[in-house]
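What follows is a single structure, written as structure tokens, with notes after it.
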Amino acid sequence: MLWIALHLPLLSLESFAATLPPELRRMPLALVQAQRVVTHVNAGARALGVKPGQRRNTALGLAPQLVTAAADPLRDARALQGVLHACLAFTPAVSAMPPDRVLLEVQASLRYFEGLEKLVQRLRAALAPLGHRVRHASAPTAQGAALLTLHGPASAAHCADLHVLHKALDAAPVHLLGTVRDRTREQAGALQGMGLHTLADLRRLPRAGLARRFGEALLDEIDRAYGERADPRVWAALPPAFESRLELFARADTSAQLLYGAETLLARLVAWLSAQHAFARRFTLQLQHEARRQRDDRATPAASAIEIVLAAPSRELDHLLLLLRERLDRTQLAAPVLDLSLHCDDIARAPPPNGELFASAQGEREGLTRLVERLQARLGRPRVRRLSRMQDHRPERGSESQEVDAAEFHTRPEAKCAAPVLHGGSITHPSTHPSTHPTTHPITRPVWLVEPAQPLSERRDQPLLDGAPLQLLSGPERIEAGWWDEGLAGRDYFIAQAADASLVWIYRLRLPSLDAAQGWYLHGRFA
């Protein structure tokens, strides 16, 4: 067996910093227990003389600008859960060692990830968005790897077999054992007073006397680290739905302030999705508001929700964050927000998309889908529309504006969704069969119409545009329709060339009407 142990020495401080805006994250930070004793400090606070174990008032005296908050085991547990989910993408054998360590049994995964070194590289890349500093070690035993993360080199340690592991553990100090750290200071100091400084010193003592003085748990931990006793573990399991909460350090009055915490929640969501090779179809950001009353004496809602629906399932952090940012930018908060929670239970399981060396129809379709998604997130779904063909010969009624369903661009078969391609004066329709050649038809109508049609002056029955005569190139194309809805249209259409060589679409009324003289009209321009 081969175990990788991850140690997150700053997990508590990093889970707290995730609730802060960037300007506060750069300040000296410290966490304080209920007894008002400092437990964790960052580098900025340490440089000012603040250390764990000091009283809060002492720390503030050394660093008046120190940002302090209460240590929160529940907040740390949520952060550790995100790390567990990220690890489950590499092996199903993942176990938590609260409060700040994770164990992975990776022997069966080495071949798939092409060895330990590449596996660790990908594991670190998956953990990077969560924003935690990570130390790792690998060893044949789970407890041995966990101890090496505390005693080995600053970044990583590796023991290939039990013989190498025993040598590394023999030099480890006794205070790294969990059973020693959990004891009172007097009991832990007794080991030092007896001249027992390393695990090798402990192992040279009679086991019966050691167990009688310090308990069987101490011997059990040592034996599991050296591989001399079974070490069963409880494997982590993925919840059926994602749910994570983040309490903000200070109330958020603007939607932009919510992004700092929302990004952390989205990173945890991506880790949960990656663990089961899934993609999110939709997710909901829940905003818990500060309890107060508005000026019009109506009660402020306790919570509000922002739902993001994706046209194409995704687990790309940047893409999800971009869509959420677009929605938040146009969201007016009903009241200041105190904490955030993210929920996702609508997922799709599918293989990841293949990377493309050259552009393909699938890649272009995905780009269009994401463009529509972003526009809908920014402007709202009803405001993003497309033209749809209608069964009517009158050009002005031949299409209508409809709401866009971005999922159509992603789910339609490639043969059906392939768009016509313009090739210098002719239009090519992609074939649905690879062995047939595309057909070409001349363009007879412009894409964009002039609405309403613009009357044209004429000279000797020749239409004029901007005072210059138009040269008729083709036509007439006769359209007679609309007698059934009092929108009678009787027109002869022509394609004409203007003085600047551009092409326009014009028509002449066949019959005079009461509200318009019989003459020429400009109805469209060719691009």
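The values are calculated or read from the model by the stated rules, or taken from the named source; none is laboratory data. A quick note: this is a predicted structure, and the numbers were derived from the prediction, not measured. Virtual Cβ from ideal backbone geometry, glycine too; neighbours counted across all protein chains shown.
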Pull up segment 111-128, narrow it to residues that are of a type in the set (Gly, Ala, Ser) and either modelled with pLDDT of 95 or more or assigned to a helix (DSSP H, G or I) (or both), then point me to the one that is farthest from ALA139 (Cα to Cα).
ALA128
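Quick one: in segment 317-342, which of the residues that are of a type outside the set (A, V, I, L, M) and under 18 Å from GLU243 (Cα atoms) is nearest to the chain's Cα centre (by Cα)?
Top of the filtered list is SER341.
With respect to ARG46, determine if the residue is surrounded by fewer than 21 Cβ atoms within 10 Å (Cβ to Cβ), closer than 19 Å to LEU10 by Cα and of a type in the set (D, E, K, R).
Here the answer is yes, as ARG46 does meet what is asked.
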Quick one: how many residues across segment 61-96 are exposed (fewer than 14 other Cβ atoms within 10 Å of the Cβ) and under 26 Å from LEU6 (Cβ atoms)?
3
Restricting attention to segment 86-109, does a residue exist that is touching an Asp or Glu at 6+ places or on another chain (Cβ under 6 Å), assigned to a helix (DSSP H, G or I) and touching a residue at least 12 places away in the same chain (Cβ under 8 Å)?
no
Those residues of segment 189-218 which are among the hydrophobic types (A, V, I, L, M, F, W, C) and either touching a residue at least 60 places away in the same chain (Cβ under 8 Å) or in contact with a Ser or Thr (Cβ under 9 Å, 6 or more places away or on another chain) (or both) amount to PHE214, ALA217, LEU218
Apart from one, (1) of a type in the set (Ser, Thr, Tyr); (2) more than 24 Å from the chain's Cα centre (by Cα); (3) farther than 30 Å from GLU23 by Cβ all hold for THR68; the odd one out is (3)
Quickly run through segment 39-65 and pick out the residues that are outside any helix (DSSP H, G or I) and farther than 27 Å from PRO98 by Cβ.
LEU48, GLY49, ALA63, PRO64, GLN65
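Can you find a residue in segment 319-334 that is in a strand (DSSP E or B), at pLDDT 85 or above and crowded, with 16+ Cβ neighbours inside 10 Å?
Within segment 319-334, not a single residue is in a strand (DSSP E or B), at pLDDT 85 or above and crowded, with 16+ Cβ neighbours inside 10 Å.
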Can you pull out every residue in segment 20-62 that is closer than 30 Å to ALA137 by Cβ and among the polar types (S, T, N, Q)?
GLN33, THR39, ASN42
Return yes or no: is PHE16 assigned to a loop (DSSP other than H, G, I, E, B), touching a Phe, Trp or Tyr at 6+ places or on another chain (Cβ under 8 Å) and among the aromatic types (Phe, Trp, Tyr)?
no
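In this structure, does THR58 turn out to be under 30 Å from LEU269 (Cα atoms), surrounded by 14 or more Cβ atoms within 10 Å (Cβ to Cβ) and not assigned by TED's automatic domain parsing to the domain that holds LEU150?
It is false that THR58 is under 30 Å from LEU269 (Cα atoms), surrounded by 14 or more Cβ atoms within 10 Å (Cβ to Cβ) and not assigned by TED's automatic domain parsing to the domain that holds LEU150.
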